[in-house]
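Some notes on the structure that comes next.
The values are calculated or read from the model by the stated rules, or taken from the named source; none is laboratory data. Computed from a predicted structure; not experimentally measured. All Cβ positions, even for glycine, are placed from backbone atoms using ideal geometry, and neighbour counts span all protein chains on display. SASA here: full protein model, heavy atoms, side chains in, ligands and nucleic acids out. Shrake-Rupley method; radii C 1.70, N 1.55, O 1.52, S 1.80 Å.
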Amino acid sequence: MFYLLVVIGAILLCVYCVLQRCTRNWKMLREYPGTYPLPIIGNGLQLGFDSEKCTDKIFNLWKKYGMKNFRMTVGSEEWLLVTNPDDVATILNHPTELCKQVERNTGMKPLFGNSLSTAEGERWRLVRKLMTPSFHFKTLEKRIEAVNKHCDRLFELWDNQNRVDAYKYLKPFMLDIVCSSLMGVDMNFLDSIDHPFFEAGDAAMKIVTENYFSYWRSIPRFVSLTKLYKETQRVSKLLDDTTNEVIAQRRRKIHKLIEYAENNKNPDMELDVLIENDCLLDRLILSKLHCGVALTENMIYEEVKLFCWTGHHTTGIVLSHALYCIAKFPEVQNRVLDEQKLIFNKDMLKKPNHKELIEMKYLEAVIKESIRVVPTITKISRHLKNDIQLKDGRVVPANTTVVVFYKGMYQDPKLFTEPEEYNPDRFFLPMHNYAFVPFSSGPRNCIGFRYAWVAMKASISNIIRRYELGLAGPGTEPQFVHRLMTESRNGIQLNIKRRVY
């Protein structure tokens with residue numbers, strides 16, 4: 001009887017697979033190169049079971065298929081990986097296809113709830129509109145002041161050292177900037193660089209990354225029985241503690257302002273000040289004054305938790321990678337410093353303003369090239385609800401996950417000549433507008449991209465004018481990217497030497 005059931009099950013599975021490959025969606029996807037998927041697991045064996053190696057395996061498949069768009073089946077999900085910049089523009093600029101990947105959201109929601117990163121529909125539109133003024137270009141000068149202020153504290157810690165772990169300092173540095181400029185509180189994380197929030201932040205990134213390649217994790221009842229569930233709960237609790245403290249501190253400040261105004265019989269004046277303030281957390285707490293809708297406590301909490309994490313983690317890593325590359329290539333470091341001298345003349349200890357940051361074209365190219373060579377985010381995605389026609393006429397069917405594969409794009413010789421070389425000058429040459437979009441684009445781009453750029457440029461400007469950078473090791477390998485990726489698991493060690501003017 002058992003064997004009969006097995007045979008019947010096998011026959012039904014085969015029939016299902018045959019019928020699945022006769023569907024309209026499959027006929028459309030067959031127009032793209034890719035290996036025929038196995039029942040149930042799809043092309044899962046091509047990815048393996050180590051999430052840290054999955055991106056490299058996808059990269060190798062991309063090269064195998066001629067460095068062009070290709071398809072994969074991950075479990076029951078159909079993926080189309082795109083690297084053609086025309087297709088990237090079509091996907092990212094679409095006005096209605098704004099949903100993120102199912103697997104990615106499955107990793108994000110237990111940690112950050114239905115926040116801006118995962119929300120859809122009216123919730124997403126409401127919060128995005130409410131937050132946008134806090135990232136307007138008119139607010140950038142104040143953001144730069146916050147960066148400069150925290151650079152002073154960073155320098156107090158670095159001046160007495162000759163070797164530093166960039167990750168270990170720059171993540172707390174960035175979180176201090178996020179908290180003071182966007183949340184209106186001073187948390188002084190640079191004074192506690194081993195705070196559990198940073199270990200939790202790294203663990204959260206690992207959880208989200210692993211969910212990209214583990215379709216079974218979309219089954220809540222199954223996940224609740226695994227170690228992953230306990231780890232997610234642990235990480236979420238650590239992130240919660242800091243988030244609650246940030247919100248509580250800002251609420252106390254707001255209440256004091258309102259009490260002061262009421263005691264002085266001028267409550268409207270203080271409320272007007274709060275309404276006009278560009279503090280992101282104030283806009284969330286006082287949302288009814290800004291948009292007529294009061295956010296729930298849970299909504300405020302989810303958004304703050306998300307921004308504290310994203311605001312410090314990826315930007316801190318990009319800063320570390322850029323400083324590594326500057327240290328690795330002395331000629332690049334000299335050119336960055338020469339540009340700073342040209343801008344600041346003899347006042348090399350001056351703090352930069354927005355106008356001066358705009359003039360730092362070569363420094364911007366260095367940051368871009370560092371992102372291209374070692375992308376912190378290797379892919380972003382959209383889960384289609386409707387068919388989309390690409391520029392070449394082929395149609396991507398509804399219910400497909402379209403993955404914009406940054407790593408492939410950035411290593412495509414058709415887009416970047418000699419992509420294996422570190423060459424910031426390439427960003428002064430003409431290129432497709434969508435060959436390099438590290439902060440995404442279109443309606444669902446990174447809301448804080450301007451903020452991130454000024455924070456990175458101001459930070460490096462201050463650092464490079466104060467210290468001569470070197471690698472804490474040989475640093476002579478031709479395949480420096482391999483070394484960087486290997487070192488980054490345990491931090492990035494830099495030698496620093498105070499400059500004398």
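Would you check if Arg465 is outside any loop (DSSP other than H, G, I, E, B), open to solvent by 10 Å² or more (accessible area, probe 1.4 Å) and not acidic (Asp, Glu)?
no
Could you count how many residues in the range 384-415 are under 27 Å from Arg24 (Cα atoms) and either modelled with pLDDT under 95 or out of contact with any Lys or Arg (no Cβ under 7 Å at 6 or more places or on another chain) (or both)?
Summing the residues that are under 27 Å from Arg24 (Cα atoms) and either modelled with pLDDT under 95 or out of contact with any Lys or Arg (no Cβ under 7 Å at 6 or more places or on another chain) (or both) in the range 384-415 gives 16.
Being within 25 Å of the chain's Cα centre (by Cα) and either part of a loop (DSSP other than H, G, I, E, B) or farther than 21 Å from Arg104 by Cα (or both) is the filter here, so list the residues in the range 376-399 that pass it.
Answer for the range 376-399, where residues must be within 25 Å of the chain's Cα centre (by Cα) and either part of a loop (DSSP other than H, G, I, E, B) or farther than 21 Å from Arg104 by Cα (or both): Thr376, Ile377, Thr378, Leu384, Lys385, Asn399.
Anything in the range 67-83 that is open to solvent by 20 Å² or more (accessible area, probe 1.4 Å) and under 14 Å from Asp392 (Cβ atoms)? List them, or say none.
Lys68, the sole residue that qualifies.
I'd like the residue in the range 100-110 that is touching a residue at least 24 places away in the same chain (Cβ under 8 Å), out of contact with any Phe, Trp or Tyr (no Cβ under 8 Å at 6 or more places or on another chain) and of a type outside the set (S, T, N, Q) and, out of all such residues, is nearest to Val404 (Cα to Cα).
Looking at the filtered set, the residue picked out is Lys100.
Within the range 156-191, how many residues are in contact with a strand residue (DSSP E or B) (Cβ under 9 Å, 6 or more places away or on another chain) and open to solvent by 10 Å² or more (accessible area, probe 1.4 Å)?
6
Give the residue that is surrounded by the fewest Cβ atoms within 10 Å (Cβ to Cβ), with candidates limited to residues of the range 281-299 that are within 18 Å of Ala248 (Cα to Cα) and among the hydrophobic types (A, V, I, L, M, F, W, C).
So, considering only residues that are within 18 Å of Ala248 (Cα to Cα) and among the hydrophobic types (A, V, I, L, M, F, W, C), the one surrounded by the fewest Cβ atoms within 10 Å (Cβ to Cβ) is Ala294.
Are any of the residues in the range 54-70 without any contact (Cβ under 8 Å) to a residue 24 or more places away in the chain and polar (S, T, N, Q)?
Scanning the range 54-70, I find at least one residue that is without any contact (Cβ under 8 Å) to a residue 24 or more places away in the chain and polar (S, T, N, Q), so the answer is yes.
Considering only the range 35-65, state which residues are more than 28 Å from the chain's Cα centre (by Cα) and either modelled with pLDDT of 90 or more or acidic (Asp, Glu) (or both).
Correct list: Thr35 only.
Does the range 143-153 contain at least one residue that is charged (D, E, K, R) and in contact with a helix residue (DSSP H, G or I) (Cβ under 6 Å, 6 or more places away or on another chain)?
yes
Could you pull out the residue among Gly408, Gly448 that is surrounded by 18 or more Cβ atoms within 10 Å (Cβ to Cβ) and farther than 30 Å from Thr139 by Cα?
Unique residue meeting the criteria: Gly408.
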